[in-house]
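The structure under discussion appears below in the form of structure tokens.
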Amino acid sequence: MHQTLGVVIKKRDIGEADRFLTIFTRDFGKIETTARGIRKIEAKLLGHSELFCYSHFMFSDGRTRPVLTGALAIENFSSLRSNLEKLAAAFQMAEILNDSIAEPRKDLSIWDLTLSTLKELDSAPASSAKKFFCFFQTNLLKHLGHQPELWKCVVCRKKIKPENNFFSPSKGGIICENCPKTGNKTIPISAEAIKILRTFLAKEAAFLRKLRLKKTEIEELELILNRFTAYHFE
């Protein structure tokens, strides 16, 4: 018998009443479990193992995957679930977390990032949901060994100046105006976007409460981060 804290990041129904659950856990990283009979009306574990539910989980070893034997909800993030914008951000977090981690591996940095971001997203205004996903995406890349270079040009290694810079997903960071961009599929990056990304890497999720971003800034961050993520994980 094993037990750990975890957050459900994916579910898939099988058979008449069973379900496969993907849980990102504190002690084992990402695990895939079988929850037998959990879709029955009288199932005791159902309310403790829904998507994004933060729970204390118990499971035993099965023939092909662990079998969920117990769950006790700690936080179900009710505010997040009741708002479409925040729910969409949570789905994006779960998807990138699931896609970028291939096997069970304990990682407390990613665990702390995931839980703290979900908690802050749950209590945040709906209008800031995309900001939280951009923060999560930036720091997940960092913890997976893909922190973008935001201080020096990835070609000439000179200190980045405020204007006329480009971001290269394949090179892993910023190319200054004096270096060649041909063949690198670069994206223009503003001085403000550089500043925001640096802030994301330096601060905790709670700092986002007082960080105000414009719609155009969010759109620029989304373009850069999505291209960078796609380069590494697609």
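Values in this text are rule-based calculations from the coordinates and carry no lab data. Here the structure is a predicted model, which is why all the values come from computation and not from measurement. In this analysis, Cβ positions are derived from the backbone assuming ideal geometry, glycine residues included, and neighbour counts consider all displayed protein chains.
Straight-line reach from Lys195: which aspartates and glutamates have Cα under 20 Å away, leaving out those fewer than 8 places along the same chain? Hits, sequence-local ones excluded: Glu149, Glu163, Glu177, Glu204, Glu217, Glu219, Glu220, Glu222. Protection proxy ranking, highest mean first, for peptides 114-123, 57-66: 114-123, 57-66, where packing is the per-residue count of other beta-carbon atoms within 10 Å, averaged. Is the shape of region 2-75 best called rounded, prolate or oblate, per the rule: a/c under 1.5 gives rounded, else a/b larger than b/c gives prolate, else oblate, with a ≥ b ≥ c the square roots of the Cα gyration tensor eigenvalues? Oblate shape, in that a/c is at least 1.5 and b/c is the bigger or equal ratio. When each of the peptides 84-94, 69-79 is scored by the mean number of other C-beta atoms lying within 10 Å of its residues, the order from highest to lowest reads 84-94, 69-79.
The C-alpha atoms of the chain define a longest principal axis, and helix 108-123 lies at about 90 degrees to it. Under 15 Å from a label point 7 Å along Cα→Cβ of His56: give me every residue in region 1-40 with its amide N that close. Backbone N within reach: 2-7, 26-27.
Here region 150-204 is treated with +1 on each Lys and Arg Cβ and -1 on each Asp and Glu Cβ, and its dipole about the Cα centre works out to around 220 debye. Electrostatic bookkeeping for Glu204 treats Lys and Arg as +1 and Asp and Glu as -1; over the other residues with beta carbon under 10 Å from its beta carbon, the sum is -1. Anything over 29 Å Cα to Cα? Flag those among Lys119/Lys142; Lys142/Lys210; Lys10/Lys185; Lys10/Lys214, in the order listed. Check vs 29 Å cut-off fails for Lys10/Lys185; Lys10/Lys214.
What you get for region 2-75, charging only the Cβ of Lys and Arg (+1) and of Asp and Glu (-1), is a dipole of about 160 debye around the Cα centre. Simple point charges give the picture: +1 on the Cβ of Lys and Arg, -1 on the Cβ of Asp and Glu, and for the chain a dipole about the Cα centre of about 600 debye.
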